Structure formats: C-alpha cells, structure tokens
Amino acid sequence: MTAGLVLQVVVTGVAAGATYGLVAIGFALVHRLTGVLQLAHGDLVAGAVFLSLFLVAGTSPVTQTNVAWPALLAAAAGVVVASAAVGAFLSVAIVRPFYRRGATLGWLGALVAVGFVIEGGLAGAFPRSASVVPDLFRLGGTRPINIGGGATLEWRTLAILTTSLAVAAVATWFLARTPTGVAMTAIGDDPVAARLTGLPVDRLVAAAFAIAGALAAIAGIVAFSGTAVTPDAAVVLGLKGIAAAVLARLGRPGRVLAAGIALGVLEGAVASLHVPGLPSLGLGPEWRDVAPLLVVLLALAVGAGGGAAEPVE
C-alpha cells in the first residue's frame, strides 16, 4: 500500500462523498423546515439520471460520447429544473395536505408510494441491465494523472469533486446569506414565530423541497456522468446521501456535507485499502456500499444509548 494509492483513495472518496453531501443537504433542509423525512429523495436521484438519458436518446442505448455536448448540457439543465418542480409538487400536493392535518402516516405512506412509482417506471422504461450515461465532462480520452506508487487519478474524478463542492458552496451560501435562505433558517428554528412574523411559510417550504430536488438531480447527473448505471445504483446514491444527513444529525449544510465526504472516504478505504503487511484484513469492493451504512447505524445506536438526541442546530 503506497502513499500514492492512499492519496488516490482519499481524493476519489472525497469526490464521491461530495455528491452524497449534495443529496444530504437537500434532505436535511426539508427536515429542518418541516420535520418531514423525504423518503422519496433517493428515488429523485434515480429519476433525474434516467430522465436525462430519456431526453437525449429516449430509451435507446447511448455511449459516453455519441451525444452532442450542447444537447447533453441542455438536458442536464432541464432535468435539474424538472426535479426542482417535482420537489415543489411533492411539498404542495403530497406532503402539505397530510401535514396540516397532523397525519404523519399519511405523508409517510404517500412518499413511499411515490418512490415505488418512480422505481417501477424506471424498471419498465429501462429494462436493460445497465445504461451508459453520456460523459458531461468529456474527459474520457484524457490521460490520468500519475501520482506515484503505481496509482493514477482520473481527471473525471477531479471534475466531479470540483463541481460538487462548488454547488455545495453555493447552496450553503444561499441558505446562510440570502434573505430567502435566512427566512428558511428562521422557519427551521421556530416555525410558530415565523408564521407570526408574516413569513410565507408554505411558499418557503415548497422552495426548500424544490432546492432539495435540484440538488438530488445535480448529484445524480454528476456522479454517474460517463459511467454505466442501473436504477438500483442511482437509488443507492440517494440512500447514501440520506445516511450522511442522518449521521450529521440533520444539521446545517456544512456539517452535512462533511458527513457525506467522510462516508465517501470511508467507502473508498474499505474497498481499496488494507492493513500494511496484512492484506487479508482488507474488506474489499463487495463491502463498498455496506460499510458506510453500517457506520451510520452504529452512530445512531451509540447516540440512542447515550440518552436524548442532540437537538438539530
């Protein structure tokens, strides 16, 4: 195990974890404002990825580079807008009627049903074992960076890392510095006081759902650009984002993003590293998707055993 391999695992893990963080920020934002667990959030990731495929090629197979870049960029932008609209629709038409009546089981069941509808629709429309997502970054033909010790780093990984961190930074700035973001924070801190001061709570909650949908779409499009994807794999990306949000105790965006990055690095280490001199102690790629979720479960168990949960910031 060389220093180059460790660096490769860390950078790759940070890139993957940053996409988890995008999903997690949206999930945590919705919960902070409403107390609602958006259980269809992972399915929005899958829906966005395959909607982008449908817009550029219908249900026909495509390759990484046979779609013109302007058309691919336009499809990606359209999917982000569509996902934001779906998020707002879920808030207004699915969650709000049950939420106002205090019918928790109602919105829980409705969101689960939405998730099943998305998964079933994708399975029917894309029956192939895997679909190739065209490369948005167009970096498939570039030579990887040699970082020593026989390890290399793909330019695509750096593009994913840069894009995800930039979007996360913009989302964090928006929520912390703009009037709309500050108003959302006020609703999360004290919804009763927010209504008494005249804030348009319903509209801001719908906007939060829309932001969450847009972030989920960006995460899916960026993470799977230039790779083969199945509906299940896209849903798992969403679940990892939800896991990161839960690990960060559904807190503020910076902490949630850090939790996503931590899970990404852990995932990469589990898949690729082992104790020096003891290769048999390496878990291997088959544990890649399991280990981060086990860590979240362990953290929740420890938190529950320690008494009352820490309040959301």
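See the values below:
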read-out: Residues of the range 113-155 that turn out to be touching a Ser or Thr at 6+ places or on another chain (Cβ under 8 Å) and in a strand (DSSP E or B), as a count; value: 7
read-out: Unique residue being at pLDDT 90 or above, closer than 18 Å to VAL222 by Cβ and part of a helix (DSSP H, G or I) when the list is ALA93, ALA110, ALA76, ALA71; value: ALA76
read-out: Conditions (1) over 19 Å from TYR20 (Cα atoms); (2) buried (at least 18 other Cβ atoms within 10 Å of the Cβ); (3) within 21 Å of the chain's Cα centre (by Cα); number of the one not met by SER164; value: (1)
read-out: Entirely in the range 188-274, the helices (runs of 4 or more DSSP H) that have 3 or more residues that are without any contact (Cβ under 8 Å) to a residue 24 or more places away in the chain and over 19 Å from the mean Cα position of the chain (by Cα); value: 191-196
read-out: Residues (free of Cβ contacts under 8 Å to residues at least 24 places away in the same chain and assigned to a helix (DSSP H, G or I)) located in the range 96-107; value: PRO97, PHE98, ARG100, THR104, LEU105, GLY106
read-out: Only listed residue being of a type outside the set (S, T, N, Q) and either at positive phi or at pLDDT 90 or above (or both), chosen from ALA271, ALA207; value: ALA207
read-out: Residue in the range 190-199 that is closer than 21 Å to ALA84 by Cβ, charged (D, E, K, R) and either touching a helix residue (DSSP H, G or I) at 6+ places or on another chain (Cβ under 8 Å) or modelled with pLDDT of 85 or more (or both) present; value: no
read-out: Meets criteria (under 24 Å from ALA15 (Cβ atoms), part of a helix (DSSP H, G or I), among the hydrophobic types (A, V, I, L, M, F, W, C) and modelled with pLDDT under 85) for VAL302; value: no
read-out: Evaluation of GLY148 against (1) at pLDDT 85 or above; (2) at positive phi (one fails), failing number; value: (1)
read-out: Residues within the range 153-187 that are of a type in the set (A, V, I, L, M, F, W, C), in contact with a helix residue (DSSP H, G or I) (Cβ under 6 Å, 6 or more places away or on another chain) and in contact (Cβ under 8 Å) with a residue 60 or more places away in the chain, tallied; value: 10
read-out: Hey, ARG32 buried (at least 20 other Cβ atoms within 10 Å of the Cβ) and of a type in the set (Lys, Arg) or not; value: yes
read-out: Qualifying position, being crowded, with 18+ Cβ neighbours inside 10 Å and closer than 26 Å to THR162 by Cα, among LEU111, LEU44; value: LEU44
read-out: Selection from the range 123-144 of residues that are within 11 Å of PRO61 (Cα to Cα), of a type in the set (A, V, I, L, M) and in contact with a helix residue (DSSP H, G or I) (Cβ under 6 Å, 6 or more places away or on another chain); value: VAL133
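The values are calculated or read from the model by the stated rules, or taken from the named source; none is laboratory data. No experiment lies behind these values; they were computed from the predicted model shown. Cβ coordinates were reconstructed from backbone atoms using ideal geometry, including for glycine residues, and neighbour counts include every protein chain displayed.
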